[in-house]
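The values are calculated or read from the model by the stated rules, or taken from the named source; none is laboratory data. Given the structure is predicted, the values throughout are model-derived calculations rather than measurements. With ideal geometry, Cβ positions are generated from the backbone for all residues, glycine too; neighbour counts draw on all protein chains shown. Accessible surface is based on the protein model in full, side chains and every heavy atom, while ligands, DNA and RNA are left aside. Shrake-Rupley method; radii C 1.70, N 1.55, O 1.52, S 1.80 Å.
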Amino acid sequence: MSARSVAQAIDSLRRGWPIAIRSDSGVLALLAIETGDAARLAAFDPRGIAPVLISSGRAATLKLANQAPAAAPECPVMVERVPWLDFDAATALADPQFDLLTPLKGPYRALSIDNRPAAAAALRLATLAGVLPAFFAIADGSADLEISPADIDEHEDAVRLTIAARAHLPVAGAESAEIVAFRTPEMPGEHVALLIGAPNGALPLVRLHSECLTGDVLGSLKCDCGPQLDAAIAAIAASGWGILLYLRQEGRGIGLINKLRAYALQDQGFDTVDANTRLGFAVDSRDFAVAARMLALLGQRSVRLLTNNPQKVAQLEAAGITVIERVPHKLPANPHNERYLATKRDRTGHEF
């Protein structure tokens, strides 16, 4: 098996094709609910017995009577298959937007998971594929494509990141800048660094900025991403020199489509944390080891970090980058993002 197999598995999930994950505990065959349909389910599970694999964050909304509280919202939960749990009902389990269109019947019963490594790997793979973490699952089943949890570990390994290209790029707020693009052999998206100014003997001021199409490009007022990006470039330029890392981790790592699903839940009254977990994802799926690898490739192992997020400091430090100073990055709120900023402060540990 290889990281190439994981890329093929991601493609299969997005196309609605079954895959299998083999661990030391056996094989778990999987059909993604979001991209499947009733006909594919019938071919995958002709006996109609495959239980539904979801995350504990999503399972919490179902009030499973015998489900033990999970340590994290991305832990796997297996829901017993009953006669009325057909494809449409399973779709409602996977996607909150169908909660009202297909009322949840219940009661639901959680099953013990014999192959927990494969089940957990399936949920991780769904996040990488940008699909909802929900599957029909058959223990000891089979599929044309089979991978292992170790393959996913290799696929996510930041060490595989390399510099692909670089060029001079004057930008608004920093005319003396160079852009450097990074990629891995497997992932379709590229991360980039914007080097602003020139090394002057001082530590670089570094900003880790996660991609946000709605905020960075469209000027969304629901978040503070666009203003943070502009202010970061200005702050780095004013400091003399530094680096902006633009990371392809949209929606805290769950992808654009799932971020928009989370926005729809926020319109129903859920905050950004509860919206993510209600969809079945972790509170934050980003991995800043990739940022550490980018800095190392650029020859910078000690930095001043422009951030309000202590997790960025912790993850960089764990990956071998020394953060000499955390520089706060506070911007004024607007009526549309006040609650979002309060949630970051109160529930995800941001320090403003």
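Beta bridges from DSSP with both residues in the stretch 155-249: antiparallel share about 75 percent, rounded to the nearest 5.
Report the per residue volume, in Å³, of the convex hull enclosing the C-alpha atoms of the stretch 4-160.
Details: hull volume 17.0 nm³, N = 157.
Given the Cα convex hull of the stretch 4-160, per-residue volume reads 108 Å³.
Rolling a 1.4 Å probe over the protein chains gives residue 283 an accessible area of about 40 Å².
Loop-located GluC sites (Glu not before Pro) in the stretch 159-214 (DSSP state other than H, G, I, E, B) with a sparse environment of at most 15 neighbouring Cβ atoms within 10 Å: 175, 190. For residue 330, give me every one of the lysines with a C-alpha distance below 30 angstrom, ignoring sequence neighbours fewer than eight places off in its own chain. Partners found: 222, 259, 312, 344.
Here the spin labels are modelled as points 7 Å beyond Cα on the Cα-Cβ line, and at residue 334 and residue 146 they lie 5.3 nm apart.
Positive-end ranking of 91, 46, 257 along the dipole of the chain, with charges on Cβ about the Cα centre, is headed by 257. Over all orientations, the stretch 78-214 has a Cα convex hull whose mean projected area works out to 13.4 square nanometres.
Ordered from highest to lowest accessible area with the whole protein assembly present and a 1.4 Å probe, 209, 168, 350 read as 168, 350, 209. The Cα atoms of the stretch 226-352 cover 45, 28, 23 Å along the three principal axes, with the biggest extent listed first. Please name which of 276, 266, 288 has its Cα lying farthest along the dipole of the stretch 248-288 towards the positive end, using unit charges on Cβ (Lys, Arg +1; Asp, Glu -1) and the Cα centre as origin. Of the options given, the answer is 288. Both radii are taken from the alpha-carbon atoms of the stretch 165-222; with Rh as the Kirkwood radius, Rg/Rh is 1.02.
Against the longest alpha carbon principal axis of the chain, how many degrees, from 0 to 90 and to the nearest 10, is the axis of helix 225-239 turned? Taking the Cα atoms of the chain, the angle to 225-239 is about 30 degrees. Placing +1 on the Cβ of every Lys and Arg and -1 on the Cβ of every Asp and Glu, with nothing else charged, gives the chain a dipole about its Cα centre of roughly 460 debye.
Within the full protein context, the accessible area of residue 223 is estimated at about 10 Å² for a probe radius of 1.4 Å. Helix-only arithmetic for the chain: the sum of -39500 (n - 2.57) across DSSP H runs with n ≥ 4, divided by the residue total, places the mean residue ellipticity at 222 nm at -9500 deg cm²/dmol. The candidate values are (1) 31; (2) 16; (3) 24; the one derived from this structure for percent of Cα pairs over 37 Å apart carries the label (3). Each of 322, 155, 214 was placed along the dipole of the chain (beta-carbon charges, centred on the mean Cα), and the one lying farthest toward the positive end is 322.
Working note: Karplus 6.51/-1.76/1.60 with θ = phi - 60° gives the stretch 246-263 the couplings 9, 9, 7, 10, 4, x, 6, x, 9, x, 4, 5, 5, 5, 5, 4, 5, 4 Hz, where Gly and Pro are set to x. Residues whose amide H comes within less than 5 Å of that of residue 23, counting only those at least five positions distant or on another chain, are 28 (H built at 1.01 Å from N in the peptide plane). Amide H to amide H, with H built 1.01 Å from N, residue 206 comes under 5 Å of 243, 304, 305, 306, counting only residues 5 or more places away or on other chains. The residues 108, 340, sorted by heavy-atom accessible surface at 1.4 Å with ligands and nucleic acids left out, run 340, 108 from largest to smallest.
Residue 84 sits with roughly 70 Å² accessible to a 1.4 Å probe, with DNA, RNA and ligands left out of the calculation.
What does DSSP give for the chain in terms of the percent of beta bridges that are antiparallel, rounded to the nearest 5?
If I count the DSSP bridges inside the chain, around 70 percent turn out antiparallel.
Computed over the chain, relative contact order equals 17 percent, with contacts defined as Cα pairs under 8 Å that lie 6+ residues apart. The angle between the Cα long axis of helix 3-15 and the longest principal axis of the Cα atoms of the chain comes to about 60 degrees, rounded to the nearest 10.
Here the Debye sum runs over all C-alpha atoms of the stretch 210-259 as equal scatterers in vacuum, and log10 of I(q)/I(0) at q = 0.25 Å⁻¹ comes out as -0.93. Residues 44, 288, ordered by accessible area of protein heavy atoms at a 1.4 angstrom probe radius and largest first, appear as 44, 288.
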